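Reading through the C-alpha cells given below for one structure.
Derivation of every value follows stated rules applied to the coordinates shown; laboratory data play no part. None of the values given here were measured: they were computed from a predicted structure. Cβ sites come from the backbone with ideal geometry, for glycine too, and all protein chains shown count toward neighbours.
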Amino acid sequence: MAEREAHGFTMAEASRRAGVSVAAPFKHFANREALLVALVTKAHREQARRFADAVGAAEDPVEQLAEFAAAYVQFTVDEPALSELIFGAGIDKSAYPELAEAGEKVLAVLLAPAQGLRPDDPLTLVHTIGALAHGCAAFLRERVFDTPDAAMASARAAARAVAGC
C-alpha cells in the first residue's frame, strides 16, 4: 500500500508480498475495505497518541495547537502510507463506528485547547490549524520545504498566527 496507495493495491498482491495465501487476509478481514478501515483506525489511534503527547508538552493553548501542527507534519513523515490512507482511502467513515470513534478521539485531544481560545467555535479553529499543518506536510512532500524541521517550524508559526489572533 505504501508504494501504490489505497486504491492501487490488490489483496492478492498484498498476500503474495506478505508470504501468505491469497485466502489468508480474508480470515481476518471480510473484504478489502475492511482492511482499509482497520488501517485507518490504526492511523487515528496513532495520531491521537502523538497529538496528545504534543499537546501535553505545552501549557499555553496556543503553544499546544502549535505543537499539534508540528506533530501532524512529523506523523506524515514517519507514517506516509497511514497518513495518505486517512484522506485517500475513500471510506464512508460514518458506516464504521470503530473508525468514527477513533477519529473522535483525535478531535477530542485538539478541541480541549481550542475551546479555551475560541469557546464559540473551537472546531473551526482545529480544522483551520489542521488544514495549515496538512498544507505544510504537502509542501514538504513537494520539496517546497527542504527538511521536515522547516515544515514543522512553518506549521508551528501558522498555528500560532491563527490561534493567537
**Item:** Sparse-neighbour loop sites [GluC sites (Glu not before Pro); the range 45-77; at most 15 other C-beta within 10 Å; DSSP]
**Value:** Glu59
**Prompt:** Once Rh is set to the Kirkwood radius over Cα pairs, what Stokes-Einstein translational diffusion coefficient, in µm²/s, holds for the range 116-165 at a temperature of 10 °C and a viscosity of 1.306 mPa s?
**Reply:** 141
**Estimated inter-spin distance, Phe87 and Glu13, nm [label 7 Å along Cα→Cβ]** = 2.3
**Request:** When you have a sec, figure out the Kirkwood radius of the chain from all distinct Cα pair distances and drop it here in Å to one decimal?
**Result:** 16.8
**Request:** Please list the helices of the chain that count as membrane-span-like by this rule: a mean Kyte-Doolittle hydropathy of at least 0.5 together with Cα atoms stretching 24 Å or more along the helix axis, each helix being a complete DSSP H run.
**Result:** 97-117, 122-141
**Dmax and Rg, reported as Rg then Dmax, of the range 62-131 (C-alpha, Å)** = 13.1, 35
